[in-house]
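Beneath this line is the structure, given in structure tokens, with notes to follow.
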2 protein chains.
Amino acid sequence: MPLADAGSAAPATRAVVSSAAVLDAALTLFATRGYHGTALSQIAEALGIRTPSLYNHMRSKQALLETIVSRTLDDVLADFHAAVRDVPDPAERLRRATRVYALRHATHRREALVVNRDATSLPEPELSRIRERRREHEQAIRAIIADGTRRGVFSVGDPALASFAILEMSVSIARWFREDGARTAEQVADEFAEFALRIVRHRP
Amino acid sequence: MPLADAGSAAPATRAVVSSAAVLDAALTLFATRGYHGTALSQIAEALGIRTPSLYNHMRSKQALLETIVSRTLDDVLADFHAAVRDVPDPAERLRRATRVYALRHATHRREALVVNRDATSLPEPELSRIRERRREHEQAIRAIIADGTRRGVFSVGDPALASFAILEMSVSIARWFREDGARTAEQVADEFAEFALRIVRHRP
DNA sequence: CCTACCGATCGGTAGG
DNA sequence: CCTACCGATCGGTAGG
């Protein structure tokens, strides 16, 4: 039966796929080749199905990106609020906020790469809503830094610059972190939390 | 003469274009919409010419990206070496290396955005050569940090983590810096150089 | 610099 | 889940 297994794209058995599986395959491919650099045919091939079958599990390619970005931003904000809840001390708040953000970028690398690379490919009004959530997070970090500076436990010229630096150095973890590398995600997250406190010149 | 000015794509006079102009238009569009999100027809339209005319000034779309990325990386390395030449003190070396890198990301935002977003879209063997130059820069920063740590003027657990953090927080400047913003490129660069010294816990 | 044109591939639909 | 197919657009070439 040469036709039955002619090429790796033709599976021996008929594949069964879920929305979650489509999203996961899209996540991997978008993270690797970018949203515009990924064809739906590649997502289908990764799942062992034909392109039109994808439409049983999604509305459109764009909806896939929208779901990935939107969920990720919601999770980032939820992480943040859970991490700082009932923590009044600015230094401890900043440490926990940075740790959880850094940790997420080590453990959810694909999501982070897609959000950072391709979120701007979404159309309005989704794009504005996305920008608003990122802004919300940045402002929350900035507020912690401003609070600590006001109280004299931090020393920083411009809380906005410090918050950009802290957030973006953490985002970079998604670019180089390897699960089988020398340091665990937790070790990296702790170290970056320490960097954050150093940036705002917190005296331990 | 309705046909002569039907639509903004039809210029009144015949446009004359140079390789530099094509590269510049590509730079702007790649930075805004990404390499795969940009069509050659958009580059042509921005220049007021037809798509096939672009081929008088370039070899291919990919060659455009290659030129942008390659030149930018060469410039980054040249900047670095010029900045630290004849500066033996690790703290001053790190300050200057960070300042010049941060400054470049404020003044060459488009280049930085394209390199960071789309360099991986290049094929081998170009991709390896690009990675090698980025690695070279990262290793040079790491060596400064390791040197300062050895001499006891820095205190950092892992020079690699610190160098990633310093470089990547600087890269982020390209994402948010505005020429008409509250701070000049030089002010931002100085502040980020200070952040770098704080990350390695240099005592001033 | 242009018009005319190419094969390939894109996201998506019809219909089963 | 599939095959068959769609119009649109892609990067690029021929030839002037």
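The values are calculated or read from the model by the stated rules, or taken from the named source; none is laboratory data. Given the structure is predicted, the values throughout are model-derived calculations rather than measurements. Quick reminder, even Gly has a Cβ in these numbers, built from the backbone with ideal geometry, and neighbours come from all protein chains shown. Heavy atoms of the whole protein, side chains included, go into the accessibility calculation; ligands, DNA and RNA do not. Shrake-Rupley method; radii C 1.70, N 1.55, O 1.52, S 1.80 Å.
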| field | Selection from A:101, B:127, A:121 lying farthest towards where the dipole of the protein assembly as shown points positive, charges on Cβ | value | A:101
| message | Checking the a/c ratio against 1.5 first, then a/b against b/c, what shape does the Cα gyration tensor give for chain A? | response | prolate
| For the charge dipole of the protein assembly as shown, defined by +1 on Lys and Arg C-beta atoms and -1 on Asp and Glu C-beta atoms about the Cα centroid, which residue among A:37, B:152, A:166 has the Cα displaced farthest towards the positive pole? | B:152
| task | Calculate the dipole size of the protein assembly as shown relative to its Cα centre from +1 charges on Lys and Arg beta carbons and -1 charges on Asp and Glu beta carbons; express the result in debye to the nearest 20. | result | 260
| message | Give me the net charge for the shell around residue B:95: Cβ to Cβ below 13 angstrom, other residues only, Lys and Arg +1, Asp and Glu -1. | response | -1
| request: List the residues whose amide H sits under 5 Å from the amide H of residue B:154, counting only those 5 or more places along or on another chain, with H placed 1.01 Å from N in the peptide plane. | output: B:149
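Just from its helices, what would the mean residue ellipticity at 222 nm be for the protein assembly as shown, if runs of 4 or more DSSP H residues each count -39500 (n - 2.57) and the sum is divided by every residue, rounded to the nearest 500 deg cm²/dmol? Could you put the intermediate results ahead of the total?
Values: 18 runs with 265 residues, N = 408.
Value at 222 nm, helices only: -21000 deg cm²/dmol.
Could you give the Stokes-Einstein D for region A:29-82 in µm² per second, using the C-alpha Kirkwood radius, 20 °C, 1.002 mPa s? List each step's numbers first, then the result.
Details: Rh = 12.4 Å.
My calculation gives 173 µm²/s for D.
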| message | Helix A:61-84 against the longest principal axis of chain A: what's the angle in degrees, Cα atoms only, rounded to the nearest 10? | response | 30
| Quick one: helix A:19-33 against the long Cα principal axis of chain A, what's the angle to the nearest 10°, folded into 0 to 90? | 70
| request: Run the dipole for region B:61-199 about the Cα centre, Lys and Arg Cβ at +1, Asp and Glu Cβ at -1, nothing else charged, and hand back the magnitude in debye, nearest 20. | output: 140
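Given R₀ = 41 Å, FRET efficiency for residue B:51-residue B:129 by Cβ-Cβ distance, to 0.05? Please report the intermediate quantities before stating the final value.
Details: r = 29 Å, r/R0 = 0.71.
According to the calculation, E is roughly 0.90.
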| Percent relative contact order of chain B, based on C-alpha pairs within less than 8 angstrom and at least six residues apart? | 23
| remark: Checked against the positive end of the charge dipole of the protein assembly as shown (+1 on Cβ of Lys and Arg, -1 on Cβ of Asp and Glu, about the Cα centre), the farthest of B:185, B:70, A:62 is B:185
| Of B:45, B:191, which has the most accessible area and how do the rest follow, probe 1.4 Å? | B:45, B:191
| Dividing the alpha-carbon radius of gyration of the protein assembly as shown by 2.2 N^0.38 Å (N being the number of residues), what value is obtained? | 1.08
